[in-house]
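The values are calculated or read from the model by the stated rules, or taken from the named source; none is laboratory data. None of the values given here were measured: they were computed from a predicted structure. Cβ placement follows ideal geometry from the backbone for every residue including glycine, while neighbour counts extend to all protein chains displayed. Each accessible area value is taken on the protein alone, full model and side chains, heavy atoms only, with ligands, DNA and RNA left out. Shrake-Rupley method; radii C 1.70, N 1.55, O 1.52, S 1.80 Å.
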Amino acid sequence: MGFVRKLISLAIAILFFVVGTLMLLYVNYIGAVSKESKDIIVEIKQGNTSKEIGNILYEKGLIKNNQFFVFYLKFNHINDLKAGTFKLSPSMTLKEIVESIQNGKVYTDDTIRITFKEGINFREFARVVEKNTNNTYDDVMKVLEDKEYINSLISDYWFITDDILNDKIYYSLEGYLFPDTYEFKNKNVTVYEIIKKLLDQMDNVLSPYKVKIESDTFSVHELLTLASIAEKEVTNNQDEDSRKKVVSVFVNRLKKGISLGSDITTRYGIKLDEARPLTKSEYNTVNAYNTRNTKMLGLPASPICMVSKSSIEASIDRIDTNYIYFIANVNTKETFFFETSKEFETKKSELSKVNGGY
């Protein structure tokens, strides 16, 4: 009996070892070949078998094992790989490579890549489109005048509501287009195609938070507006903690019935894109965005720029603080937070020569 037990124990140990080894191999083989991000053009011909495709990808240095590639396809019941010329990278995981070939993201010499940076407003978005495609600045702006199209977006996307129809809003899609790098077929891509791709990506980013958004005291339009102000106020993209604190300051001010007092909404309100100190008269302008005007309470009429995922998360997963004031050093991009006006004014005076303005 003792000998049998030893055999069973040994068999179990071997089984665990084999299963563990296979799992480690699986995790290793589905990972990216390297961290190096470079473009590798791959041609897959009509009729190529999964084994032949695996050999092509392996020879190009895009996957770690060609036999595992065939196993991966069978294991995941994948049999819809497309023919064509693809632009892939060794920094892509096996899943990403397979999905690219499944989706038929065919690469041609005419393919263009456009980067839309977080924090740019709709005017700047239009300039980027004009620079990289055969569309003009006016072509982009005219899309916003297409009322039938704008209303169709409200029907097509759960996160776009009648809030964008407010006639005080400068650009109805401001804040709804997700900033990222996108590929388009060529420079003849239409403005409608560009907007659709950016809206689809915003849908991908927001959808995991849909339940939380729909139960929030703020509407999705207000959440994106909060996120957009935090995006512009905290220019250090790595400082997620300050973004959350900035949102908490604005929420606290809204609760207390205090104007938000945000310089960047003033800039947006007067359509100022250049980086210069604001004048006293500009601070006193009256519009649906100038929250430095103490007579304006509440949020601006709409978001004021493209928002990153971290800013969106800061507005949705809000933190509680007692901060009512903040100020940033424009040179170091460090943000300081205060509970009292006395502390704030002291720091403001200290930074006056650095920051300029009123």
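Miscellaneous remarks
- Subset of the stretch 252-267 [free of Cβ contacts under 8 Å to residues at least 40 places away in the same chain and part of a helix (DSSP H, G or I)]: LYS255, THR265, THR266, ARG267
- Flag for ALA328 being modelled with pLDDT of 95 or more and either more than 26 Å from VAL128 (Cβ to Cβ) or open to solvent by less than 60 Å² (accessible area, probe 1.4 Å) (or both): no
So that you can scan it fast, the table gives a plain yes or no per residue for (1) under 21 Å from ASP163 (Cα atoms); (2) not in a loop (DSSP other than H, G, I, E, B):
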residue: PRO208; (1), (2): no, yes
residue: LYS232; (1), (2): no, yes
residue: LYS244; (1), (2): no, yes
residue: PHE250; (1), (2): yes, yes
residue: PRO277; (1), (2): no, no
residue: THR285; (1), (2): no, no
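- Scanning the stretch 287-323 for residues that are open to solvent by less than 10 Å² (accessible area, probe 1.4 Å), in a helix (DSSP H, G or I) and either on the phi > 0 side of the Ramachandran plot or of a type in the set (Gly, Ala, Ser) (or both) yields SER311, ALA314, SER315.
- Complete set of residues in the stretch 25-84 that are of a type in the set (A, V, I, L, M) and in a helix (DSSP H, G or I): LEU25, VAL27, ILE30, ILE53, ILE56, LEU57, VAL70, LEU73
- Among the candidates ASN151, ASN132, ASN188, ASN166, residue that is surrounded by fewer than 16 Cβ atoms within 10 Å (Cβ to Cβ) and within 25 Å of PHE86 (Cα to Cα): ASN188
- Just so you know, in the stretch 97-124 the residues that are within 17 Å of the chain's Cα centre (by Cα) and in a loop (DSSP other than H, G, I, E, B) include one that is surrounded by the fewest Cβ atoms within 10 Å (Cβ to Cβ), and it is LYS117.
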